[in-house]
Amino acid sequence: MAGAGNNVARMSPRQRMINLMYIVLTAMLALNVSSDVLNGFSQVQDSIHRTNLNITSRNGVQFAHLESLYKQNPEKAGKWYEQGNELHKRSDALYDVIESLKMDIAKAADGDDGVYIDIKNNDDLEASSVTMLNPASNKGAALRKNIDAYREYVKTLIPDAGKRKAVEDMLSTKVINRKGTVGPTSWEQKMFENMPAVAAVTLLTKVQNDIRQAESEALSSLITSIDIGDVRVNELNAYVIPNSNMIMRGGKYSANIVLAAIDTTQRPAIYVNGSKLNNSDGLYEFVAGSVGNHEYSGYIEVARGDGSIDKRPFKSSYTVMEPMATISPTMMNVLYAGIANPISISVPGVPMSAVQATMSNGTLTRNGDHWVAQSGKVGSEAVISVSANMDGRVQQVGSMTFRVRKLPDPTPYLPVKDGNGNTIHYKGSPKRITKGALMAAEGLGAAIDDDILNVTYSVVSFSTVFTDQMGNAIPELSDGAKFSSRQKEQFKRLKPGKSFFISNVKAKGPDGITRDISPMQVVLN
């Protein structure tokens, strides 16, 4: 019961004296010494009992400290407080069981009025055996099992291997049979068979002492464990972490002002998207690639006070925009009526998904990141207003006024085939076409195709003017946008090198306006 060498080294001088007296008195008992020796057991019992009271009081102080740590920070100390509370209950329960067994032995020796602190028949060799080894009750075996269960439970609360081994030896119920012993001897037989009542009580008090010692060791470990997982730091710095360093007038600036603790002697390992950051200061830099919203994540590994590694994940995002400059010539803020006017709208620093726009005197529709404006009344103005959702708040960021104009007049043309079979627009002299190309054309077209506006018009009517041999002009009227039969007859009579005019051309645009457009001269090869 004295424990291993490590355990003895940590015992107080008083505890060592008690253990030594226990060994000496046990040896003297084996020699069947006088009643004076038995009285010595009473003195040892009293001494150990006082020690138990002192340890119990000390354990109460430790548990009260653990409870105060829990009240200060329930989240941090909650796990250890729950374990300490369970330890306290189990230790008291086993201590009380042994206390009742001591009373049972005293009553078996002195009768119902017996008390273990003053046993009259202290040399009674039957009381302990009848109480602890009775096959009907098996209190000794039950006590051994309870001690074994308590020992294994306490060991789970002590991470230090040396301290755990000391507790294991202190509460061991393993019996090493001496030479000459016939058959195996159980722990309860060794403790209570033919043992004087006062000695049995003293042995049980010693077990109570071991329980309180083990409880104290476990409580110390639990209190230490509350802070052992903390990260050690030696420097505190204040940091301002803004949501964005760029802010527009009327926008909201947001920043977290935090106190950061670091250990300058041991930098953490930082991993971003699976790769370790080769920068001891934690500076993450890269050249932005594709535009749009992007996310990245990773984790930081830092050593705790107990040597284990604490892994803390993080996640962030950023927005990449195209470098741009907005150049707007004031004199050309024009929208054309009747067509879809493409509009480019952007707000620097704000993703396109957070940008909205409206329009007066017309409609404005969105197609992905682009906009299309359909203007209203010609001769009036249209205003496009832009707003942006910044940090959950809609902010007006600008507007622009456009003049609504009717479409320019188109140019008439003949749709003819080139040498590769592709349709081209023949717009008259000075270019020439073949008679075959002219005969293949079905009618007249009109369009704006200057690569700025590409708008097709519907030809309503036109006239062709031919010159006879006498120099007289012969006009012929079309069949809508197509050549009439009389016009085609005139085409057949044309000779190479001859020409005619297409005039009185009327064309209707997508704005619904029918207009007279300029004539064209057709010259044959």
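Residue-wise test of (1) polar (S, T, N, Q); (2) within 30 Å of K488 (Cβ to Cβ); (3) part of a strand (DSSP E or B).
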position: N389; (1), (2), (3): yes, no, yes
position: Q396; (1), (2), (3): yes, no, yes
position: P408; (1), (2), (3): no, no, no
position: P412; (1), (2), (3): no, yes, yes
position: I424; (1), (2), (3): no, yes, yes
position: P430; (1), (2), (3): no, yes, no
position: A437; (1), (2), (3): no, yes, no
position: D451; (1), (2), (3): no, no, no
Seminar exercise, completed: Among the residues of segment 454-495, the number that are among the acidic types (D, E) and either within 16 Å of M520 (Cβ to Cβ) or surrounded by 15 or more Cβ atoms within 10 Å (Cβ to Cβ) (or both) is 1
For this session: Report whether or not T131 is among the hydroxyl-bearing types (S, T, Y), part of a loop (DSSP other than H, G, I, E, B) and either touching a Phe, Trp or Tyr at 6+ places or on another chain (Cβ under 9 Å) or under 15 Å from I211 (Cβ atoms) (or both).
Result: no
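Listed here are the residues, each with its yes/no results for (1) modelled with pLDDT of 90 or more; (2) of a type in the set (S, T, N, Q); (3) closer than 20 Å to R50 by Cα; (4) buried (at least 19 other Cβ atoms within 10 Å of the Cβ).
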| site | (1), (2), (3), (4) |
| --- | --- |
| I176 | no, no, no, no |
| G180 | no, no, no, no |
| N194 | no, yes, no, no |
| I211 | yes, no, yes, yes |
| E217 | yes, no, yes, yes |
| S221 | yes, yes, no, yes |
Exercise. Pick from K508, K435: which is closer than 30 Å to R405 by Cβ, touching a residue at least 24 places away in the same chain (Cβ under 8 Å) and surrounded by 14 or more Cβ atoms within 10 Å (Cβ to Cβ)?
Worked result: K508
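Yes or no, residue by residue, for (1) assigned to a loop (DSSP other than H, G, I, E, B); (2) touching a Leu at 6+ places or on another chain (Cβ under 9 Å); (3) at pLDDT 80 or above:
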{"residue": "A260", "(1), (2), (3)": "no, yes, no"}
{"residue": "G282", "(1), (2), (3)": "yes, no, no"}
{"residue": "A288", "(1), (2), (3)": "yes, no, no"}
{"residue": "G298", "(1), (2), (3)": "no, yes, yes"}
{"residue": "D310", "(1), (2), (3)": "no, no, no"}
{"residue": "S316", "(1), (2), (3)": "no, no, yes"}
{"residue": "M331", "(1), (2), (3)": "no, no, no"}
{"residue": "Y336", "(1), (2), (3)": "no, yes, yes"}
{"residue": "I339", "(1), (2), (3)": "yes, yes, yes"}
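Filter segment 194-215 for residues that are within 14 Å of D160 (Cα to Cα) and of a type in the set (S, T, N, Q) and give the result.
Listed by number, the list is empty, since nothing qualifies.
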Problem set entry | Criterion: open to solvent by 70 Å² or more (accessible area, probe 1.4 Å), assigned to a helix (DSSP H, G or I) and either in contact (Cβ under 8 Å) with a residue 40 or more places away in the chain or among the aliphatic types (A, V, I, L, M) (or both) - qualifying residue of K165, K145, K206, K190 | K165
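The values are calculated or read from the model by the stated rules, or taken from the named source; none is laboratory data. Treat the numbers as computed from the prediction; the structure is a model and nothing was measured. Using ideal geometry, Cβ is built from the backbone for each residue, glycine included, and neighbour counts are taken over all protein chains shown. In case anyone asks, the SASA skips ligands and DNA or RNA and just uses the protein heavy atoms, side chains included. Shrake-Rupley method; radii C 1.70, N 1.55, O 1.52, S 1.80 Å.
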